[in-house]
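The values are calculated or read from the model by the stated rules, or taken from the named source; none is laboratory data. Note that the structure is a prediction, hence the values are computed from the model and not measured. Using ideal geometry, Cβ is built from the backbone for each residue, glycine included, and neighbour counts are taken over all protein chains shown.
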């Protein structure tokens with residue numbers, strides 16, 4: 001085994017263990033944990049048997065195994081960015097709803113004759 | 001009673017005068033302080049406005065929706081949106097509401113290009129015209145001024161509005177929703193006054209590109 005393989009296996013092993021722990025503790029959904037676990041296993045397999053990527057690459061019409069890995073890595077990253085972006089927009093819109101609700105509940109009356117009456121009690125005309 | 005909704009962000013310098021003029025004309029004024037770090041809230045309250053305060057800045061679209069929702073809750077019959085930087089004229093409010101009172105329209109939109117402007121730079125005019133062309137194409141609304149903060153809604157029309165683009169792209173979004181809901185709209189000539197203050201506080205022309213991106217993404221993600 002090359003030294004790179006030792007390092008990679010160590011990193012992947014830790015990642016796998018963390019994924020497993022988070023899944024068991026229900027920090028992440030089982031579905032998500034399973035997807036990550038699959039990714040770590042696939043990475044380990046390809047690092048253990050690099051010639052496998054070359055075989056798959058040729059079958060898919062891509063010259064080299066490393067190119068195959070690179071292309072898929074880029075695709076996953078684009079998908080990842082998109083997923084994060086969608087989630088961010090949802091969080092932003094939820095945040096606006098919370099901020100709006102708070103603002104409406106604590107509406108402040110105008111100051112009349114220098115007297116600040118603070119919040120409006122209740123709504124309605 | 002007419003409720004005037006004013007979204008304001010760090011406008012302590014100008015908002016007081018704007019509020020005082022509108023209150024003086026007998027309107028109920030609702031200022032939405034969009035998380036300002038200056039004295040916007042107290043300036044508005046001292047001059048007779050009801051103030052809703054966003055705990056953190058959420059953008060002008062979000063502030064408008066908050067103000068409109070509150071005006072509806074307080075039983076407003078007509079809701080007018082108005083800018084906080086003093087570029088609009090308080091006397092235009094009655095002209096905007098007139099077609100609604102006459103049941104001719106559900107929504108009226110202020111147009112500086114049908115009306116008049118002072119102090120508008122050539123670049124600003126060009127950017128606004130480009131925005132008008134784009135928005136006409138995107139929403140199908142036949143209007144001459146798409147990015148004017150001065151608008152009026154009947155209660156029923158305002159209740160149909162659901163502004164979800166929190167930042168500046170709401171101007172196009174409002175037009176989209178007017179068309180989608182089949183609301184009757186009419187443009188009313190208004191006067192827009194650009195001052196050194198409003199030019200400093202307003203949107204830069206570069207920001208227009210960000211607004212465009214926000215709008216396109218928002219439409220596409222809906």
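Taken residue by residue, segment A:85-101 has at least one member that is touching a strand residue (DSSP E or B) at 6+ places or on another chain (Cβ under 9 Å), surrounded by 12 or more Cβ atoms within 10 Å (Cβ to Cβ) and assigned to a helix (DSSP H, G or I).
Condition test on residue B:5, is it surrounded by 24 or more Cβ atoms within 10 Å (Cβ to Cβ) and assigned to a strand (DSSP E or B)? Spell out the reasoning first.
Numbers: surrounded by 24 or more Cβ atoms within 10 Å (Cβ to Cβ): yes; assigned to a strand (DSSP E or B): yes.
Yes, satisfied.
Kindly indicate whether residue B:19 is crowded, with 18+ Cβ neighbours inside 10 Å and not in a helix (DSSP H, G or I). No, not satisfied.
How do the helices (runs of 4 or more DSSP H) wholly within segment B:54-163 filter down when requiring 2 or more residues that are away from chain A (no Cβ under 14 Å): which remain?
Numbers: elements: B:60-73, B:92-101, B:122-139, B:155-160.
Answer list for segment B:54-163: B:92-101, B:122-139, B:155-160.
Looking at segment A:21-30, is at least one residue surrounded by 12 or more Cβ atoms within 10 Å (Cβ to Cβ), outside any helix (DSSP H, G or I) and either at positive phi or modelled with pLDDT under 90 (or both)? No: segment A:21-30 contains no residue that is surrounded by 12 or more Cβ atoms within 10 Å (Cβ to Cβ), outside any helix (DSSP H, G or I) and either at positive phi or modelled with pLDDT under 90 (or both).
For segment B:69-83, the set of residues classified as in contact with a strand residue (DSSP E or B) (Cβ under 8 Å, 6 or more places away or on another chain) and closer than 11 Å to residue A:104 by Cβ consists of B:70, B:71, B:72, B:74, listed by residue number.
With respect to residue B:75, determine if the residue is farther than 30 Å from residue A:91 by Cα, touching a helix residue (DSSP H, G or I) at 6+ places or on another chain (Cβ under 9 Å) and surrounded by fewer than 18 Cβ atoms within 10 Å (Cβ to Cβ). Before the answer, list the steps.
Numbers: farther than 30 Å from residue A:91 by Cα: yes; touching a helix residue (DSSP H, G or I) at 6+ places or on another chain (Cβ under 9 Å): yes; surrounded by fewer than 18 Cβ atoms within 10 Å (Cβ to Cβ): yes.
In short, yes.
Determine, yes or no, whether residue B:29 is within 11 Å of chain A (Cβ to nearest Cβ), modelled with pLDDT of 95 or more and touching a helix residue (DSSP H, G or I) at 6+ places or on another chain (Cβ under 9 Å). Walk me through how you get there before you give the answer.
Working: within 11 Å of chain A (Cβ to nearest Cβ): yes; modelled with pLDDT of 95 or more: yes; touching a helix residue (DSSP H, G or I) at 6+ places or on another chain (Cβ under 9 Å): yes.
The answer is yes for residue B:29.
A quick yes/no check of all residues on (1) in contact (Cβ under 8 Å) with a residue 12 or more places away in the chain; (2) closer than 24 Å to residue B:20 by Cβ:
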| residue | (1), (2) |
| --- | --- |
| B:81 | yes, yes |
| B:104 | yes, no |
| B:110 | yes, yes |
| B:127 | yes, no |
| B:136 | no, no |
| B:148 | yes, yes |
| B:158 | yes, no |
| B:162 | yes, no |
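For first residues located in segment A:96-116 and at the interface with chain B (Cβ under 7 Å from one of its Cβ atoms), partners that are surrounded by 13 or more Cβ atoms within 10 Å (Cβ to Cβ) and part of a strand (DSSP E or B) and lie 6+ apart or on another chain with Cβ distances below 6 Å form the pairs A:103/B:52; A:103/B:53; A:107/B:50; A:107/B:52; A:108/B:51.
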